[in-house]
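The values are calculated or read from the model by the stated rules, or taken from the named source; none is laboratory data. Predicted, not measured: the structure shown is a model, and the values here were computed from it. Positions of Cβ are generated from backbone atoms using ideal geometry, with glycine treated the same way; all protein chains shown enter the neighbour counts.
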Amino acid sequence: MPSFDIVSEVDTQELRNAVDQTNKEVGNRFDFKGSDARVELAENVITAFADDDFKLSQVRDVLTTKLAKRAVDVRSLKYETPEKISGGKLKQIITVRTGVETELAKKIVRLLKDSKMKVQASIQGDAVRVSGAKRDTLQEAIALVKSSITDFPLQYENFRE
């Protein structure tokens, strides 16, 4: 029975490269001279540091630009509210979301069931497996999910006959 998986993944090497490029650009820019602006990455959590709100927003802009250039989908980023740390500086936690969250997985399964397509969808950990009798119906299911879920990056892989 043909099937495919709906997943959400981020290339960690490209993420690390984008963070390194962001730090390099922030270190070289004139408007950041003498500033403690930087970005750190640890276990799919990016931490942005800056002296004030304006510089923090500039660091975020540089980071999103570098991520976009490296084909990392910026929709997978979840921004927390900035916190004040010692010396009046700011810190912001940016979580990189990987895996299809439970609520989104349930939404995808409900969407496929409500569409009356002849496919079965099941939640398998942090992925959704969709199987059906015909390859064409699976391709229609991919098109339906792509058009309906636009606020979260999804990939479609392991397409098997």
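Answer with yes or no whether A48 is outside the structural domain of G132 (by TED's automatic domain parsing) and on the phi < 0 side of the Ramachandran plot. Don't jump to the end; show me each part of the working.
Working: outside the structural domain of G132 (by TED's automatic domain parsing): yes; on the phi < 0 side of the Ramachandran plot: yes.
For A48, the condition - outside the structural domain of G132 (by TED's automatic domain parsing) and on the phi < 0 side of the Ramachandran plot - is met.
Identify all residues within the stretch 99-116 that are under 19 Å from Q139 (Cα atoms) and either small (G, A, S) or in a loop (DSSP other than H, G, I, E, B) (or both); write none if there are none.
The first filter runs over the stretch 99-116 and keeps only residues under 19 Å from Q139 (Cα atoms), leaving 105, 107-116.
Listed by number, the residues that qualify are A105, S115, K116.
Output the residues belonging to the stretch 152-161 that are in a loop (DSSP other than H, G, I, E, B), touching a strand residue (DSSP E or B) at 6+ places or on another chain (Cβ under 8 Å) and surrounded by fewer than 13 Cβ atoms within 10 Å (Cβ to Cβ). If you could, list the steps in order and put the result at the bottom.
Filtering the stretch 152-161 down to residues in a loop (DSSP other than H, G, I, E, B) leaves 152-154, 161.
Now narrow it down to the ones that are touching a strand residue (DSSP E or B) at 6+ places or on another chain (Cβ under 8 Å): 154.
Selection gives nothing.
Where residues in the stretch 55-72 are of a type in the set (D, E, K, R) and loosely packed, with under 15 Cβ neighbours inside 10 Å, which of them is farthest from D11 (Cα to Cα)? Spell out how you get there, then give the answer.
Keep residues of the stretch 55-72 that are of a type in the set (D, E, K, R), which gives 55, 60-61, 66, 69-70.
Filter once more, keeping what is loosely packed, with under 15 Cβ neighbours inside 10 Å: 61, 69.
Working: D61: 20, K69: 13 Å.
Taking the candidates together, the pick is D61.
Filter the stretch 3-41 down to the residues that are crowded, with 17+ Cβ neighbours inside 10 Å and basic (K, R) and list them by number.
Scanning the stretch 3-41 gives no hits.
Which count do you get for residues in the stretch 42-54 that are of a type in the set (A, V, I, L, M), farther than 30 Å from K146 by Cβ and surrounded by 14 or more Cβ atoms within 10 Å (Cβ to Cβ)?
2
Provide a single number: the residues in the stretch 1-49 that are assigned to a helix (DSSP H, G or I), under 18 Å from the mean Cα position of the chain (by Cα) and among the aliphatic types (A, V, I, L, M).
Residues that pass the stated criteria total 3.
Just one of the numbered conditions (1) touching a strand residue (DSSP E or B) at 6+ places or on another chain (Cβ under 7 Å); (2) over 30 Å from E161 (Cβ atoms); (3) not basic (K, R) is not true of P2; which one?
All conditions are met except number (2).
Look at the stretch 117-151 and say how many of its residues are assigned to a strand (DSSP E or B), under 22 Å from D73 (Cβ atoms) and either of a type in the set (S, T, Y) or free of Cβ contacts under 8 Å to residues at least 60 places away in the same chain (or both).
Residues flagged as assigned to a strand (DSSP E or B), under 22 Å from D73 (Cβ atoms) and either of a type in the set (S, T, Y) or free of Cβ contacts under 8 Å to residues at least 60 places away in the same chain (or both) within the stretch 117-151 amount to 1.
From the residues in the stretch 44-80 that are free of Cβ contacts under 8 Å to residues at least 12 places away in the same chain and of a type outside the set (G, A, S), which one is farthest from G34 (Cα to Cα)? Lay out the reasoning, then the answer.
Just the residues of the stretch 44-80 that are free of Cβ contacts under 8 Å to residues at least 12 places away in the same chain, to begin with: 54, 57, 61, 65, 68, 74.
Checking which are of a type outside the set (G, A, S) leaves us with 54, 61, 65, 74.
On the way: F54: 15, D61: 19, T65: 23, V74: 29 Å.
The selected residue is V74.
What residue, of I123, I142, is surrounded by 13 or more Cβ atoms within 10 Å (Cβ to Cβ), β-branched (V, I, T), modelled with pLDDT of 85 or more and in contact with a Phe, Trp or Tyr (Cβ under 6 Å, 6 or more places away or on another chain)?
Values: I123 fails: in contact with a Phe, Trp or Tyr (Cβ under 6 Å, 6 or more places away or on another chain).
Only one candidate qualifies: I142.
For the stretch 42-54, what are the residues that are in contact with a Leu (Cβ under 9 Å, 6 or more places away or on another chain) and within 15 Å of E80 (Cβ to Cβ)? Give the derivation first.
First pass over the stretch 42-54, keeping only residues in contact with a Leu (Cβ under 9 Å, 6 or more places away or on another chain): 44, 46-53.
The answer is N44, I46, T47, A48, F49, A50, D53.
Looking at M117 and the list (1) modelled with pLDDT under 85; (2) within 14 Å of E9 (Cβ to Cβ), which single condition is not satisfied?
(2)
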